[in-house]
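The values are calculated or read from the model by the stated rules, or taken from the named source; none is laboratory data. What you are looking at is a predicted structure, and each value in this text was computed from that prediction instead of being measured. Positions of Cβ are backbone-derived with ideal geometry, glycine not excepted, and every protein chain shown enters the neighbour counts.
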Amino acid sequence: METNNYNDNNISNYSFNKIVDDTSNSSYKLVDEKSVPKFWVDKYKKEASKNWDLFYKRNTTNFFKNRNWIGREFTELSFNVDDSQENSFKYVLELGCGVGNFIFPVLETNSKLFIYACDFSVRAIEFVKKHEQYNESRCHAFVCDVSNDKLKDYIPSQNIDIVSSIFVLSAIPPEHHLNVIHNISEVTKKGAIICFRDYAQFDETQLKFASSNNQHKLQENFYVRQDGTMSYFFTLEYLREIFEVDKLFKFISGKYVTRETINRAKGLCIDRKFLQAKFERL
Ligand SMILES: C[S@@+](CC[C@H](N)C(=O)[O-])C[C@H]1O[C@@H](n2cnc3c(N)ncnc32)[C@H](O)[C@@H]1O
């Protein structure tokens with residue numbers, strides 16, 4: 001296989017010079033009919049948590065950049081909680097928290113939040129718990145496979161106000177997406193908000209996977225990186241379909257976000273395409 005396509009998510013080395021927010025999805029033709037043999041597809045899926053754990057063994061806490069933009073894009077997570085309100089404390093659930101690049105900036109800027117943070121990589125959760133800002137009175141980090149384990153076994157039923165799903169649903173095979181949605185629905189309050197951001201269809205990484213001589217395709221819009229971690233590329237239509245199933249969640253807003261990123265050191269310019277959306281628990 002070719003060089004590690006996970007570079008796509010390591011935006012810490014890149015600077016942005018073009019930003020376009022768009023509600024439409026321009027179309028490309030993907031010529032990627034050839035898929036990875038079934039034996040390997042099954043193996044990558046079976047070994048997903050092991051491959052993410054090895055990812056954190058190699059990269060420790062140095063890979064992802066802190067999600068400092070989160071409060072700007074999702075105002076529910078910013079510092080606008082009304083201090084005068086009694087019980088204004090809010091409970092957040094972060095799915096696939098990695099090593100805490102979302103948790104710590106959010107806790108630092110908003111003193112009225114408590115975060116339940118889970119990941120299926122044991123090593124990632126260890127990094128979160130060892131972080132100097134980790135404090136059990138503000139955060140509970142736990143190991144959990146959100147496509148399989150019941151979140152309600154870890155979280156008091158229906159007490160979550162906000163769920164953050166930031167670059168995690170893409171790592172989960174599409175046949176498990178509905179399990180994840182049902183799982184979230186069991187721990188969220190009526191009116192809870194889901195904050196979603198992830199890879200969009202026709203992101204340049206997907207185009208590279210599709211045109212590569214090496215085989216990356218596992219299923220429609222679902223690919224494997226060189227390190228064995230997997231990535232799905234979303235359309236807004238698909239995302240709405242899975243969240244609106246059984247009238248569990250209502251669509252609030254959604255847009256495609258395009259970022260042209262430049263790595264001057266490597267002379268690389270990449271067109272990133274993300275999907276950002278919000279849903280409300282009915
Ligand atoms: C791209 S990282 C994003 C980490 C974090 N959300 C962030 O934005 O920095 C994806 C994370 O999802 C976790 N993950 C993937 N599948 C998962 C699953 N089924 N259950 C729990 N965590 C999962 C991986 O271990 C990894 O830490």
Inset, instruction - Could you grab the pairs with beta carbons closer than 8 Å, sequence gap of 6+ or different chains, first residue in region 150-166 and in contact (Cβ under 8 Å) with a residue 24 or more places away in the chain and under 25 Å from GLU73 (Cα atoms), second one within 14 Å of the ligand (Cβ to nearest atom) and hydroxyl-bearing (Ser, Thr, Tyr)? - result: ILE160/TYR116
Inset, instruction - Would you mind stating whether THR229 is surrounded by fewer than 23 Cβ atoms within 10 Å (Cβ to Cβ) and either out of contact with any helix residue (DSSP H, G or I) (no Cβ under 8 Å at 6 or more places or on another chain) or not charged (D, E, K, R) (or both)? - result: yes
Legend entry - Selection from region 76-93 of residues that are modelled with pLDDT of 85 or more and out of contact with any Lys or Arg (no Cβ under 9 Å at 6 or more places or on another chain): VAL92, LEU93
Inset, instruction - Please verify whether region 216-231 includes one or more residues that are aromatic (Phe, Trp, Tyr), within 13 Å of the chain's Cα centre (by Cα) and within 16 Å of the ligand (Cβ to nearest atom). - result: no
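List the helices (runs of 4 or more DSSP H) inside region 81-200, counting only whole elements, that have at least 2 residues being away from the ligand (no atom under 14 Å from the Cβ), hydrophobic (A, V, I, L, M, F, W, C) and under 21 Å from the mean Cα position of the chain (by Cα). Before the answer, list the steps.
Details: elements: 103-109, 122-130, 177-185.
Where helices (runs of 4 or more DSSP H) fall fully within region 81-200, none carries at least 2 residues being away from the ligand (no atom under 14 Å from the Cβ), hydrophobic (A, V, I, L, M, F, W, C) and under 21 Å from the mean Cα position of the chain (by Cα).
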